[in-house]
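Here is the structure we will look at.
Read the figures in this text as sums done on the coordinates, not as results from a lab. Keep in mind that this is a model prediction, so the values were computed, not measured. Here the Cβ is made from the backbone with ideal geometry for all residues, glycine too, and neighbour counts use every protein chain on show.
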């Protein structure tokens, strides 16, 4: 969530590296219909289940607005990338049975920990 078509943004780099590692990537952003050649969903509500991992590139104020939508999507885990950390939302996700990680998706991928 928070996908960008700007190649200098970490969310864009994450899309590319996730694909390089064989993961199915479903970008979520209300700003563009396509990101990195992929169909982009305007909302997580539009992403077909099941969702394994939501990797967040949202500022905490935006995250607060979509937290319930994330919970309703029932992902297995949510990764809070640097800049998206929000302890209260992380607890809310854990209370809903969703695993949370405060980590960088790029580092997790490059070190085999994703």
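At-a-glance table
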quantity: Top-ranked residue of the stretch 4-22 - restricted to ones that are assigned to a loop (DSSP other than H, G, I, E, B) and either free of Cβ contacts under 8 Å to residues at least 12 places away in the same chain or touching a helix residue (DSSP H, G or I) at 6+ places or on another chain (Cβ under 7 Å) (or both), ranked as surrounded by the most Cβ atoms within 10 Å (Cβ to Cβ); calculated: 4
quantity: Subset of the stretch 48-91 [more than 20 Å from residue 105 (Cα to Cα) and either without any contact (Cβ under 8 Å) to a residue 24 or more places away in the chain or not in a helix (DSSP H, G or I) (or both)]; calculated: 48, 49, 61, 65, 68, 88
quantity: Positions within the stretch 92-114 being touching a helix residue (DSSP H, G or I) at 6+ places or on another chain (Cβ under 6 Å), part of a loop (DSSP other than H, G, I, E, B) and surrounded by 18 or more Cβ atoms within 10 Å (Cβ to Cβ), in sequence order; calculated: 114
quantity: Failed item, numbered, when residue 22 is tested on (1) more than 21 Å from residue 6 (Cα to Cα); (2) touching a strand residue (DSSP E or B) at 6+ places or on another chain (Cβ under 9 Å); calculated: (2)
